[in-house]
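Below is one structure; the comments refer to it alone.
A short reminder: the numbers here are calculations on the coordinates, not readings from a lab. Being a predicted model, the structure only gives us computed values, none of them experimental. Counting neighbours? That spans all protein chains shown, and the Cβs are built from the backbone with ideal geometry, glycine included.
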Amino acid sequence: MTKPDEIAVEELTAETAKIELQRLAEDIARHDTLYHQNDAPEVSDAEYDALRNRNAAIEAQFPDLVREDSPSLRVGAVAAEKFDKVTHAVPMLSLSNAFNDEDVSEFCSRIRRFLNLPEDELLAMTAEPKIDGLSASLRYENGQLVSGATRGDGQVGENVTENLKTVKDIPHRLSGQGWPQVVEVRGEVYMTHADFTALNDRQAAAGKQAYVNPRNTAAGSLRQLDPAMTAARPLKFFAYAWGEMSEEPWTTQMGAVEQMAAWGFAINPQMKRCESVAQMLEVYRGIEEQRASLGYDIDGVVYKVDRLDWQRRLGFVSRAPRWATAHKFPAEKATTVLRDIEIQVGRTGALTPVAKLDPVTVGGVVVSNATLHNEDEIERKDVRIGDTVTIQRAGDVIPQVLGHVPERRPADATPFTFPDLCPACGSHAVRDHNAKTGKLDAVRRCTGGLICPAQAVERLKHFVSRNAYDIEGLGIKQIEAFYEDGLIQRLSDIFTLRQRDERSLKKLKDREGYGETSARNLFDAIDERRNVSLDRFIFALGMRHVGETTARLLARTYGTMEALNDALVAASDRENDAWADLVNIDGIGEVVAEAIVDFFAEGHNQEVLQALLAEVSPEPLEAVAAQSPVSGKTVVFTGSLEQMTRDEAKAMAERLGAKVAGSVSKKTDLVVAGPGAGSKLKKATDLGVEVTDEDGWFVLIGEA
Ligand code: IVH
């Protein structure tokens, strides 16, 4: 007799269809688990798609037989692979770093200068361990946990509410009463050493591979599709910060954390309030001593200004608060053998020597590549192939080779000759002379520009990276493969992929590792990103010297891509006002301005840019505070200010959406002049620019 799974859909009877639907529901569920939870699929995407299609076809024929647990009623497996996105009402920031005592002392001095605190004014700081886990934000409404999200890129995270609910330290309902209507508690999800070891013991007993370290395991556990899987891997949580609050029932950092403890959160018992740099360092050393016996991984100590009114005044630089920093523990080191040196070509053509090492574990992570920085460094450290070398890994940064161990040098250790031709395209690779210092650049660069495949691939990789276009399903691996096959070579090719695929005989869905669903998902993910914000777009272009901060400055200054392009093309004439405007942007120096102007002046870049703009529409930056009376205006501060420091004034203006310029021109909208203002004030009067004093400024922005 023919088995039900071999019968064509049209020939199924109600009875055989019923059996078949049950089999499909079970099979598909099993494959989902294998794929999503175990990372070990047994069937190809195409076979999986075929199962789902068959299930759908049978259901169409026998609508009465659709099962309660039918795969067609669950969110499609691949759609369920994604969590919903959550936009954080208050962005989740990262921290600046301090690596030694001087950095900590400088951190405090900077704050004192910014706030203009007298010597004898107490600057209290909290100090607490920096937990090596992943941050999460928990939203409570009327005391009830309503949603929980990962940090994501800081602006947008993933909704992992159900998974966070399985974490015992996270209350589903706040203790006590009288909480603000909206409370967002933030903190770190982590796994203890004991739980990690127990989990690995279970893995070993089941003949499965061991997990690498507690942090990655915690991250993986939190992003499980099935909350039951998360629950099976015990996670913990420390509360240490907050996001949106309908009111803030606290005035100090310490007070805030104590309040969270009263609401039922676990807070870190090591947290202390310090009244001097000396005390901060003392707490740091104390925590460092206890590091091994804490029972969970930490990678430093976080200091935060205790007074919240000061935190507010200090605000942020880029993605990190001015009022906090992470004092990192010294990097972990190890020795291993250097087997070879490979040259990597970056997106700006820089040739970087990469050490190929015998794999070695450093701080819980297996390292087999490390950077050697540049050719001068190889020479200075006298590192030869065959040497035993010391390597260091600090936090998330790329491991680096510190030097060689002289006693362990074998007789046949070979010095490395740095190539003067690009290994990727054969063009000359040269070291420029720095125009200002006259010195030879440390970095050797490929002169191949657009013909160099390595630069092209790196540019593409940068374009799709997390803080740039961040296209789901289009990562480093896919870019490399698509580039090699000629599918994506220019930036704009990414966005014409679907259209070309429709006409092509070699469809993406037929590629190894793809199926109908995953191909469609990729096209959809690409389409979804056609309208990223202008600052992301500028950053994604990968211009030299243009990181996220500069990209944001440019986006804010010029507003639209069209205005930016026009201005920068015009700026290649140094006599044009456009050049003066560019250099006048506070935060953009001449070197950066030159790199940007050069980029826009280059014909090839214009071709790439215009092809790209035919496919995507970067969205003008939403003014930081659209309703602010100074948003979009260009402001110059001059003379001495008495109620705020110059830095503070600038930060405040920027927070309100204004642009701060260093000198007065026709484009200036407002000059804030304090006592002693000289030529800038005169120029403003001559040009008829509005002038006010510090009090007038506070009245204007509504903070008088
Ligand atoms: S405060 C606005 N405190 O470190 C400041 N962060 O490098 C928000 N982290 O994304 C962070 N322990 O995941 C803070 N005690 C602690 C922390 C901590 C770990 C993580 C957090 C953040 C990252 C920044």
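Observations on the model:
- Exceeding the 21 Å Cα-Cα cut-off - candidates Lys130/Lys477; Lys356/Lys381; Lys208/Lys509; Lys328/Lys356; Lys333/Lys439: Lys130/Lys477; Lys208/Lys509; Lys328/Lys356; Lys333/Lys439
- Positive-end extreme of charge dipole, region 496-582 - chosen from Ala563, Thr549, Gln499 (charges on Cβ): Gln499
- Residues with amide H under 5 Å from that of Trp242, placed H, sequence gap 5 or more: Arg186
- In straight-distance terms, cross-link reach from Lys507 covers every one of the aspartates and glutamates whose alpha-carbon lies under 13 Å from its own, apart from those fewer than eight places away in the same chain; here that gives Asp485, Glu516.
- As a rough footprinting exposure proxy, the listed residues Glu342, Glu11, Glu59 were ranked by other beta carbons within 10 Å of their own, and the order from fewest upward is Glu11, Glu342, Glu59.
- Backbone amide hydrogens, once placed in the peptide plane, bring Val302 within less than 5 Å of Glu128, Lys130, His327, excluding anything fewer than 5 places away on its chain.
- Between 0 and 90°, nearest 10: helix 590-601 axis offset from the chain longest Cα axis: 50
- Overall form of region 325-472 per C-alpha gyration tensor (a/c, 1.5; a/b vs b/c): oblate
- Estimated at 0.36 nm per residue, the fully extended path between Lys436 and Glu548 surpasses their Cα-Cα distance by 37.8 nm.
- Evaluating 6.51 cos²θ - 1.76 cosθ + 1.60 at θ = phi - 60° for every residue in region 566-572, the Karplus couplings come out as 4, 5, 6, 5, 4, 5, 5 Hz, glycine and proline recorded as x.
- Straight-distance crosslink candidates among lysines, where the alpha carbon sits under 28 Å from Lys666 and sequence neighbours closer than 8 are dropped: Lys633, Lys650, Lys680, Lys682, Lys683
- Here the extension length gained between Arg490 and Asp573 equals 27.0 nm, from 0.36 nm per residue of separation less the Cα-Cα distance.
- Over the chain, DSSP H runs of length four or greater, each weighted -39,500 (n - 2.57), average out per residue to a 222 nm ellipticity of -10500 deg cm²/dmol.
- Size of charge dipole - the chain - debye, nearest 20, with Cβ of Lys, Arg +1 and Asp, Glu -1, no other charges: 840
- The distance linking region 122-191 with region 286-302 is 22 Å (Cα centroid to Cα centroid, whole angstrom).
- Which of Pro629, Val360, Tyr514, positive extreme of dipole for the chain (C-beta unit charges): Val360
- Inter-label distance, nm, simple model (7 Å from Cα along the C-beta direction), Ala206/Ala614: 5.2
- Three-way shape label, region 611-704, alpha-carbon gyration tensor, a/c 1.5: prolate
- Spatial separation of Cα centroids for region 314-334 and region 83-120, in angstrom: 7
- Given charges at Cβ of Lys, Arg, Asp, Glu: the chain dipole, positive-most of Leu145, Val43, Thr390: Thr390
- Dipole magnitude for region 403-506: about 260 debye, using +1 per Lys or Arg Cβ and -1 per Asp or Glu Cβ, origin at the Cα centre.
- For region 100-180, the alpha-carbon radius of gyration amounts to 1.60 times the rule-of-thumb value 2.2 N^0.38 Å expected for a compact globular protein.
- Free-standing Cys residues across the chain, given no other cysteine C-beta under 4.7 angstrom: Cys108, Cys274
- For Leu505, Leu491, Leu51, the sequence from fewest to most other C-beta atoms within 10 Å is Leu505, Leu51, Leu491.
- Diffusion coefficient (Stokes-Einstein, Kirkwood radius over C-alpha pairs, 37 °C, 0.692 mPa s) for region 171-250: 221 µm²/s, rounded to a whole number.
- Straight-line cross-link partners of Lys18 among the lysines, defined as a Cα under 21 Å from its Cα and at least 8 positions apart when in the same chain: Lys3.
- Exposure proxy ranking, count of Cβ atoms within 10 Å, fewest first, for Ser572, Ser135: Ser572, Ser135
- Inter-centroid distance (Cα atoms) of region 489-521 relative to region 413-475, Å: 28
- Alpha-carbon Rg/Rh ratio, for the chain, with Rh computed the Kirkwood way: 0.99
- Averaging 1/r across all pairs of distinct Cα atoms in region 135-202 and inverting the result yields a Kirkwood radius of 13.2 Å.
- With the cut-off at under 11 Å, measuring from each backbone N in region 569-587 to a point 7 Å along the Cα-to-Cβ line of Asp686 picks out no residue.
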